[in-house]
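Single-structure report; data block below.
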Amino acid sequence: MLTALDLLRLPYDDSLTRAGVEYAKKSL
Amino acid sequence: PGPRLRKIVAGVAVELALRRWLDANQVPYDLLGATAFTERDKYDLRLGGRRVDLKSFFITDRDDITALRHDPGWLLDAAALVPEDQFNSHKLEDGDVYVFGFLAGLEARQQADTRRVLDAGQPVELVATFVDDDWLGRAQWRSLGTLTLHNDGPLPLELEVGGQGRDREAIVEPLVVPAEARAAVAARLYALLYLRAFQPPPAGVDVRSSALHRTHSVLPSDWHNIWVYGMDVFIAGWLTKGEFRERSRRLPAGSRVKQYPRTQTVNRSLPIRDLRPITELARRIKDFASR
């Protein structure tokens with residue numbers, strides 16, 4: 001069973017969203 | 001299309017964050033199926049010889065985000081969901097892996113929200129989409145001829161036109177349309193996928209195709225801000241498809257789960273706490289790679 005310590009928290013920055021936006025537009 | 005596109009954005013953001021973490025920890029992986037740029041599977045991973053299907057959930061409710069940021073253990077009784085139709089397809093084998101990730105972040109769904117984020121100097125990504133098969137080149141793959149855009153507004157409009165050329169290659173063309181005037185797209189498009197604006201257009205934009213002999217009007221309310229104002233990414237855990245089959249149960253569409261008030265489709269589901277830790281997966285892959 002997972003505990004809260006097992007959850008992997010990763011940093012967010014706008015480059016993640018930028019990559020997602022470019023991908024989403026091309027997947028239209 | 002706005003909510004659907006923001007879900008895609010969130011899914012790619014989670015996947016890229018995971019890949020950065022794998023890189024930082026020297027966990028080897030392959031990218032699968034980098035074929036046509038419109039292919040959805042472009043970002044799929046393979047880890048240690050197993051195909052990975054990353055299932056991402058986008059948490060947008062402010063109270064939920066606050067609770068999650070305060071205590072990540074909030075996620076333990078959220079639901080690890082796999083749509084039943086995908087689960088029943090044969091894309092993955094029982095030894096392949098589902099990984100479950102979350103992005104906590106806000107959306108600007110309404111025009112007033114977008115105005116507020118612009119005032120705060122935050123990025124926006126305003127997109128108007130084309131759903132008609134003729135504009136998308138689905139009815140017939142042929143040139144749309146000369147594409148002319150008319151700006152009904154009182155100020156020049158800076159746009160990006162996105163589509164595909166004859167060989168289905170991506171074409172992105174910047175275009176400034178003067179106030180209450182026309183401008184033509186230089187590229188020869190076979191599919192017109194979207195227009196992007198940098199500010200919310202206050203008036204309509206009419207798009208004319210000389211080949212279709214049709215005009216499509218984009219209204220001010222047709223622009224969707226698909227930027228996702230992310231805060232945290234969590235990778236919760238993983239199971240093989242075979243394990244997921246044994247431990248999950250069927251969850252009807254319209255069910256309430258911790259992260260969503262209503263699920264959209266029929267899913268297989270189990271609590272996040274029943275997954276295996278992602279660090280265990282990373283360790284196994286490194287062991288596999290060093291054999």
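Here, each number is a calculation from the coordinates, and none is a lab measurement. What you see is a predicted model, and the numbers here were worked out from it, not measured in a lab. Backbone-built Cβ (ideal geometry, glycine too); neighbour counts: all protein chains shown.
Adding -39500 (n - 2.57) for every DSSP H run of four residues or longer, then dividing by how many residues chain B holds, sets the calculated 222 nm ellipticity at -7000 deg cm²/dmol. A full extension of the chain between residue B:186 and residue B:283 corresponds to an added length of 29.7 nm, given 0.36 nm per residue minus the alpha carbon distance. Under a 5 Å amide H cut-off, with hydrogens placed 1.01 Å from N, residue B:56 pairs with B:101 among residues at least 5 apart or on other chains. Across peptide B:218-231, the mean count of Cβ atoms from other chains lying within 10 Å of each residue's own Cβ comes to 2. Roughly speaking, what is the centre-to-centre gap between region B:179-202 and region B:269-291 when only Cα atoms are used, to the nearest Å? With region B:179-202 and region B:269-291 each reduced to a Cα centre, they are spaced 46 Å.
Label positions at residue B:169 and residue B:111, each projected 7 Å from the Cα along the C-beta direction, are separated by 3.8 nm.
Charged side chains reduced to their Cβ positions (Lys and Arg at +1, Asp and Glu at -1) give chain B a dipole of some 720 debye around its Cα centre. Using the Cβ-Cβ distance between residue B:61 and residue B:262 with R0 set to 22 Å, the FRET efficiency from 1/(1 + (r/R0)^6) comes to roughly 0.95.
Positive end of the dipole of the protein assembly as shown (Cβ unit charges, origin at the Cα centre): among B:130, B:221, B:88, the Cα lying farthest that way belongs to B:88. Each Lys and Arg Cβ is given +1 and each Asp and Glu Cβ -1; about its Cα centre, region B:34-144 then shows a dipole of about 400 debye. Extension gain, residue B:246 to residue B:214, is 6.2 nm, computed as 0.36 nm per intervening residue step minus the present C-alpha separation. Within chain B, the selection of entire DSSP H helices by a Cα span of 30 Å or greater along the long axis and an average Kyte-Doolittle value of at least -0.5 returns B:2-24.
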